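Working notes, beginning with the structure itself.
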Amino acid sequence: MLKKEDAESILKKYNQEHLLKFYDELSEDEKKSLLEQIENIDFQLVKDLYDLTKTEVDFSNQKLEPMDYIDESKLKDEEIEKYKKIGEEIIKNNQLAVVTMAGGQGTRLGHNGPKGTYDLGLESHKSIFELLCDNLKRAKEKYGVNVPWYIMTSKENDKDTKDFFESKNYFNYGKENIKFFKQGELPMISEEGKILLSEKGKIKEAADGHGGVFEALYKNHMYEDMKSKNIKMIFISGVDNVLAKLVDPVFIGITIANNKESAGKSVVKAYAEEKVGVYCKKNDKIGIIEYSEITPEMAAVKDESGEFLYGESNILCNLFDIKVLERISVHKLPYHIAHKKANYIDENGNEIIAEKPNAYKFESFMFDAFEGLENMLLLRVKREDEFAPVKNKDGVDSPETARNLYNNYWKK
Ligand code: UTP
């Protein structure tokens, strides 16, 4: 393990000496854990990321084109049947795995605990995790198999998530069918580029974004686990869409029948300025263009049938052939900067409670990995059937809107 003197010289080099300011006040265990944290931080990366906060990103040299998609609602019944059959074969042969990304902080929702543990307020009082698990239980009933479920947590919420599953007896889905794995994290820094302390002996770190899923699957040996189970296809989605179809035979079948190594689901953008990322081709590669990167004119442009040319919103539901995931997992993804509120301990040892954004957090996005894909099938699905996000405490994309969408769907 790193010695205090070694830590001092690293910190000096990067102008972060304040991190050891309270070292002598710490217990032996706290000292050890702080040195461990310092050892594991890539200070050069943190410095580079801070420099990035001072640079304007120029999107003007991007060549953008719309991406082809298939509209599921326009498929003929016999096509649906054909794809369903192919997908069902994969499921019945136990070749599908499901990954849920639940490492986010859920700051906008403001729930005290991991987002998946949130009670959506349905009559059943089921948590979001349980609503997702229902998909797997229905698949079990229908196909007689346990689809393995891999849940990505963060260092921050790992214990609470596992304790919750334990307390709910894994929703009777079987502990052996559920695996947790932790994603990476990065230090948060002040507006002056200083790494923050959350306690006198603890560096403030935050999960490194949903793009961390690929590296986390790899580093935690989840691919090996999947391969030992003979998994072929992997479905990945976020924790916060309570209508996500975790086991969708048509989606699997259409991907395989079209010889695609990956697939994504989209819903039509509701209105031109909606703050969503949309699927597109960026410099001839598969990508997502964020609402912050697109001009208002481009966001509003329509095709000859009156539909948005850039209108296929990303709902964070993707399917990959396992071989592809392994391939793209070795690529380093870029980090995006988020200006956030962060409480911290200042250099005098006082706790500072943030009233407004005062710090930077760095996240990689899952879709930045798409440029490493050779092909992707994009399937447009119906928003009301597959997209009920829980993001904000109230208003749009809140528990109330998600609850209504969920109830309407199941009434149907
Ligand atoms: P969001 O970008 O909506 O972030 O995540 P969030 O953390 O849930 O919420 P806010 O922004 O703090 O309010 C979309 C999905 O990606 C997962 C989230 O758990 C959610 O399912 N995610 C996000 C991770 O798993 N890890 C991360 O580091 C970030």
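Just so you know, all these numbers are worked out from the coordinates, no wet-lab data involved. Computed from a predicted model, the values in this text were never measured in an experiment. Here the Cβ positions follow ideal geometry from the backbone for every residue, glycine too, while neighbour counts run over all protein chains shown.
Observations on the structure shown:
- Cα-based shape type of the chain, given that a ≥ b ≥ c are square roots of the gyration tensor eigenvalues and the cut on a/c is 1.5: prolate
- Summed residue charge, Cβ within 15 Å of Gly372's Cβ, Lys/Arg positive, Asp/Glu negative: -1
- Theoretical ellipticity at 222 nm over the chain - DSSP helices of four or more residues, -39500 (n - 2.57) apiece, nearest 500: -9500 deg cm²/dmol
- The stretch 42-77 and the stretch 86-160: distance between their alpha carbon centers, rounded to Å: 27 Å
- Label zone of Tyr291 (point 7 Å out along Cα→Cβ, amide N under 12 Å): in the stretch 373-412 this covers 396-397.
- Summed side-chain charge close to Glu224 - residues other than Glu224 whose Cβ falls under 12 Å, Lys, Arg +1, Asp, Glu -1: +2
- Simple label model, 7 Å out from Cα along Cβ direction - Lys159 to Glu5, nm: 3.4 nm
- Applying both filters, DSSP loop and at most 14 other Cβ atoms within 10 Å, to the GluC sites (Glu not before Pro) of the stretch 48-134 gives Glu56, Glu123.
- In the stretch 319-365, trypsin sites (Lys or Arg not before Pro) in a DSSP loop with at most 16 other beta-carbon atoms within 10 Å: Lys332, Lys341
- Cut-off 16 Å (backbone N to label point 7 Å along Cα→Cβ of Met298), residues of the stretch 38-67: 57-67
- Model label sites at Glu351 and Asp24, defined 7 Å from Cα along the beta-carbon direction, differ in position by 2.5 nm.
- Neighbour-count order for Tyr344, Tyr218, fewest beta carbons within 10 angstrom listed first: Tyr218, Tyr344
- Cα-Cα over 28 Å, subset of Lys126/Lys202; Lys85/Lys232; Lys182/Lys227; Lys285/Lys412; Lys175/Lys382: Lys126/Lys202; Lys285/Lys412; Lys175/Lys382
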